[in-house]
Amino acid sequence: MIKIPEHIAIIMDGNGRWAKAKGKVRTEGHYQGVKNVRDTAIYANELGVKCLTLYAFSTENWKRPEDEINYIMSLPKVFFASYLKELMEKNIRIRMMGEIERIPENARRIFLDAIEKTKNNTGMTLNFALNYGSRREIVLAARKYAEDVKNGRINDIDENGFAEYLMTDSLPEIELLIRTSGEKRLSNFLLYQLAYSEMVFSEVYWPDFDYKEFDRCIDEFNHRKRRYGGLDES
């Protein structure tokens, strides 16, 4: 029997290289990547995935050319204008993690509107990591924890308690990480949360990541033995 991971995280990589390989400008790769967010989310929801977290824009991505950043920040409007109605019909709930304050106002407003409109949906959570960096997340969590200790709100904490200070609080444990485009690194993504996640690195560029490749990644996940530091007694 195939096990479907409750929470899958994806580093959506390769938009620019996809565009270059086809003789197109980088922005065309980002546009096609956004269209594939819709396809992947709908398919994951049909499979029974409880949460899909997508690495949309990192804290390091601000180093990119201003024109490219501006284009990327225009894409939430394109995405939700095209697909929010369908996501609502599929009972999908939108969530976002990251430091939202730095995101341009138009993009921020569009995301907050989508979050508000879908907040009562009970299907899959589609969680966008936007202006997100894991080291920064851990520092912010440690600050909140230290403040609570200082103010006497807590006096001890364990791993589960510390996880409540992270941006993934209330989400299921991440069972599977997928990174597209053949790169094999985490790029400052969910460093704390991925401690015991299975990782699958796909050679496919994100715009070409389809349901067949998604199924292949889940199949590979199902062939892993998850021992969590123990021994395999089977």
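Among the residues making up segment 40-55, a single one is more than 12 Å from LEU126 (Cα to Cα) and either within 13 Å of the chain's Cα centre (by Cα) or among the charged types (D, E, K, R) (or both): GLU46. Looking for something farther than 20 Å from GLU60 by Cβ and in contact with a Pro (Cβ under 8 Å, 6 or more places away or on another chain) - is there at least one such residue anywhere in segment 207-222? Looking for residues that are farther than 20 Å from GLU60 by Cβ and in contact with a Pro (Cβ under 8 Å, 6 or more places away or on another chain), one finds at least one in segment 207-222, hence yes.
Conditions (1) without any contact (Cβ under 8 Å) to a residue 40 or more places away in the chain; (2) surrounded by 21 or more Cβ atoms within 10 Å (Cβ to Cβ); (3) closer than 17 Å to PHE214 by Cβ, marked per residue:
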residue	(1), (2), (3)
PRO5	no, yes, yes
GLU28	yes, no, no
ALA44	no, yes, yes
GLU68	no, no, no
PHE80	yes, no, no
LEU84	yes, no, no
GLU89	yes, no, no
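The criterion of at least 2 residues that are modelled with pLDDT of 95 or more and open to solvent by 50 Å² or more (accessible area, probe 1.4 Å) is met by the following strands (runs of 3 or more DSSP E) wholly inside segment 109-212: 198-201.
Assess whether ILE42 counts as being assigned to a strand (DSSP E or B) and of a type outside the set (D, E, K, R). Answer is no for this residue. For segment 20-29, the set of residues classified as over 23 Å from ALA129 (Cα atoms) and in a helix (DSSP H, G or I) consists of LYS20, ALA21, listed by residue number.
The values are calculated or read from the model by the stated rules, or taken from the named source; none is laboratory data. The structure displayed is predicted, hence computed values, not measured ones. Neighbour counts are summed over all protein chains in view; Cβ atoms, including those assigned to glycine, are modelled from backbone coordinates with ideal geometry. Ligands, DNA and RNA are excluded from the accessible area calculation, which covers all protein heavy atoms including side chains. Shrake-Rupley method; radii C 1.70, N 1.55, O 1.52, S 1.80 Å.
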